[in-house]
Structures are given as C-alpha cells and as structure tokens.
Amino acid sequence: MIDFCSQESKPLLLVEEAIDKIMTAVEAVKECEVIELRLGLGRVLAKDVFASISSPPERNSAMDGYAFNSRDINTENAFVLTLAGTAWAGRPYTAELLAGQCVRIFTGAVVPEALDSVIMQEHVSVNHESIQFPETTQPYQNIRKMGEDIALGSVVLDSNKVLSAMDLGLLASVGIEKIVVKRKVKVAFFSTGDELQTLGQALSSGQIYDSNRYTLTGLLTDPLYDVTDMGLLPDDPDILEENFIKAAEKYDVIISTGGASVGDADYVKDILTRCGNVNFWKLAIKPGKPLAVGKIGNCHFFGLPGNPVAVVVTFQYLVASALKKLAGLTIEKKLQITAICLSDLKKSAGRQEYMRGILTQDSHGVFFVSSAGKQGSHILKSMSHANCYIVLPVTCQGVKEGDKVRVDLMPGTSIL
C-alpha cells in the first residue's frame, strides 16, 4: 500500500533525523537563580551540592533498646549490667559511665561515647536497675555511624539533577536551606484557525472548540517551565507575524498549533521563513507531517499541526526533549517495549506511525498490546484511553494479530 498523503517531490525527513536536528540546535539556558529548598521540587540543580555536615551528624541508635560496651559481654553465659540512665532522641545521656553499666536508649538517640553496641529491648530482661543480657548477645550491632549516609564535604547531589521529593529530604538532612537552580524555560503557546472557538462561546456552523490549548496547558505543566497561554489567533498573516515577533523577544520557545500545512490559510511556515529561519518542515510521521521547526532570533519555534492527536504526538516525540534540554537536563532514551499485538493494524508505507494502544502484561511477564480505538488524528477519545503508542516504522505495511511490535509507554501512564 502507498500512503498518498506522503507523496512529496523529495523524501520526507525521518523522525530520528528531525530529533537530531532539533537537539543540535538547542542549548541549555545559562541563567540561574537561588530558591528556597521547599520550592525545589522538579527544578534542575545548577551546581553540585556539598555536605557542610555529616549525616547522621553523630552515632545514634537504630532501635529502642540498651546501649552497652562490648568489653562487658560474657561470651559464654548470660550476664547482667546495671542501668545508669536513659538516652532520649534529642536528649543525650552525658554522665560518666563505669564498667558494667548500660544505658536505656531510644531510636535516633546519640550513643554515649563510652558505648559501642545496642541490643533490642525485646532481647533483655529488666528487673529494676538490673538488665539481664542473653548469652547470644552480639557486639557492635544496631548503631548508625556518623556520616554513614553522607560524609562531611562529599557531593550530596550532582548538578543537572532534577530534584525529586526524596532529593529535597536528602538536602534537608544536611542542612541545605537554599539551592542554585537553572531558571525556568519561558514558553508561550497559542492556537491559530478561524474555525476555532473559545470555550463558553456558542459554536457557529463550521466551528469547533479549541482543545489544543488545554492539551498543551497539561503537557507544559512542569516546574521546569514558565508558561504563557497567548490565546487564539485568527488566520491573518499580519496578526500572526506581529505576535510571532513580539513573543520571540520575551520567550525562549514559541509553540503554535494549526496553520503549518499547505492550505491557502496555512501561513506559519511562510511567516517563519520571513521573520526567522526554518530548520525543517514536514516529517515522515503520522499523525503530524506538517511540522514547522525553526527560530526567530534566539527563540525556538515549533509550529505544530492543528489536529489534536498530532499535537500530542509531535509534542511528546519532538518538542518535549528540546524543552528538557533547554532546561538543563541530560536526555535519556525512551523506554521501548516489544509486545505481541492483539489487533490487526492497517498502515501504508511512507511514514512512521504512532498508533494509540493499550499495553498489558500477563502473569508470566509477557507484554500484549491492542488498539485503543479509532486512530484518526482528530479522535481524542482513543488518546484518552491509551497508555502507549504502537510505533510502526516507515516501511511497515500493516500488522497482523500475533505479530510483535514496538511499544512506547505514554508519559505518566501505567500498565494494566
């Protein structure tokens, strides 16, 4: 079969080639800012963080029990030590200890300097101040060493790390109150098209509601980005060009949807050619062939197609990695899974296709995937139901039930 929509005077750019072109053109933002640690979730560290204290800062008990000196152990029989006092978490025992004495200790409490072992409270017998230890008592147990987690002066976290909730706790454990992070990437986006109507307004004949800006709002909700919705613009080349130029002066990235194809009202590529430069246009991808990528001054421009599914696919495979590199991240290769296809899939040769699928795994760990429903680039319902893409290469001419296929998990989804 032939994909008549992909017939061009010259071969279309492959997806992998387009990604290479984009990533080559993108450099991470240089500017940094100092923020409070509590605001750091999802931000990118701009500098290595070093420990100004050790963690734990002192030896402490790993459990509730009794701290003692290993020299007082009787290795052949049970033995008795005298209780000298109690070490509480936050209230150390500081009195001098004599041979044959032990201390009641709680989890997290500092272990007195003269003692080197802790036994669980369940393993001893208590008779007032006489504590009987069993003959199985082992020395040097249940004590957390100073600096066991992080040593003084060591690197706690490397630069370019995206901070997780666990990272915030780690930094707090060594007393880090403020951090230096990459500034946020400034992104502006808007929709184009006279057929589009904003929510809350009645539809006239031939109109549809603009869903793309709401999709992009969700896709761009990330601590790495400072995002501005520039609204809905008409199919007017002068208005579009004016908005392109103004936005390029303020933002790192502009994302438009619609107007990038070859129709009489599709102006994006021509405007980008006039006021900036076009890195490439048109890809061997389905959905999403009409994709205009370039720059206006120092601002990166992504003119995405207008069909809603094409917006999602091109954003996730081409734009998202560029934004993350701009933010200072090291881009990792997407996880790819091989699965047995449970559906017959129609496809023409000519473009790499990303079909919406539902991935499952059986009790033996084998992956299976089926179509999530209708695959038209205007069909959002199957996109909502899907948890993965079934990726069919350019040369593929269809899939039969039982064939093995490549599957890419959608961001933020889980396997049923």
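The values are calculated or read from the model by the stated rules, or taken from the named source; none is laboratory data. Keep in mind that this is a model prediction, so the values were computed, not measured. Every residue, glycine among them, receives a Cβ derived from its backbone with ideal geometry; neighbour counts consider all protein chains shown.
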### Query
In the range 210-235, which residue that is in a loop (DSSP other than H, G, I, E, B) and in contact (Cβ under 8 Å) with a residue 12 or more places away in the chain is nearest to residue 32 (Cα to Cα)?
224
### Message
Tell me whether the range 179-192 contains one or more residues that are buried (at least 21 other Cβ atoms within 10 Å of the Cβ), more than 30 Å from residue 239 (Cβ to Cβ) and either touching a helix residue (DSSP H, G or I) at 6+ places or on another chain (Cβ under 8 Å) or at pLDDT below 95 (or both).
### Response
yes
### Query
With respect to the numbered conditions (1) surrounded by 15 or more Cβ atoms within 10 Å (Cβ to Cβ); (2) on the phi > 0 side of the Ramachandran plot, which one is the sole condition not fulfilled by residue 365?
(1)
## Note on the structure
Of the residues in the range 315-344 that are at pLDDT 95 or above and of a type in the set (Val, Ile, Thr), the one that is surrounded by the fewest Cβ atoms within 10 Å (Cβ to Cβ) is 338
### Message
List the residue pairs whose Cβ atoms are under 8 Å apart, where the first residue sits in the range 267-291 and is more than 22 Å from residue 392 (Cα to Cα) and of a type in the set (Asp, Glu), the second is at pLDDT below 90 and not in a loop (DSSP other than H, G, I, E, B), and the two are 6 or more positions apart or on different chains.
### Response
270/237
### Query
If you take the residues of the range 202-220 that are of a type in the set (Gly, Ala, Ser) and either under 16 Å from residue 312 (Cβ atoms) or touching a Phe, Trp or Tyr at 6+ places or on another chain (Cβ under 8 Å) (or both), which of them is surrounded by the fewest Cβ atoms within 10 Å (Cβ to Cβ)?
218
### Residue match in the range 36-44 (condition: over 30 Å from residue 318 (Cα atoms), touching a residue at least 60 places away in the same chain (Cβ under 8 Å), in contact with a strand residue (DSSP E or B) (Cβ under 8 Å, 6 or more places away or on another chain) and in a helix (DSSP H, G or I))
yes
### Query
Mind checking whether some residue in the range 10-22 is on the phi < 0 side of the Ramachandran plot, touching a Pro at 6+ places or on another chain (Cβ under 8 Å) and crowded, with 16+ Cβ neighbours inside 10 Å?
no
### Query
Consider residue 251 against the criteria (1) without any contact (Cβ under 8 Å) to a residue 40 or more places away in the chain; (2) surrounded by 19 or more Cβ atoms within 10 Å (Cβ to Cβ); (3) aromatic (Phe, Trp, Tyr): it satisfies all of them except one. Which criterion is unmet?
(1)
### Message
So, residue 97, is that one in a loop (DSSP other than H, G, I, E, B) and buried (at least 17 other Cβ atoms within 10 Å of the Cβ) or not?
### Response
yes
### Task
Select, from 377, 382, the only residue that is under 28 Å from the mean Cα position of the chain (by Cα), surrounded by 18 or more Cβ atoms within 10 Å (Cβ to Cβ), at negative phi and part of a loop (DSSP other than H, G, I, E, B).
377
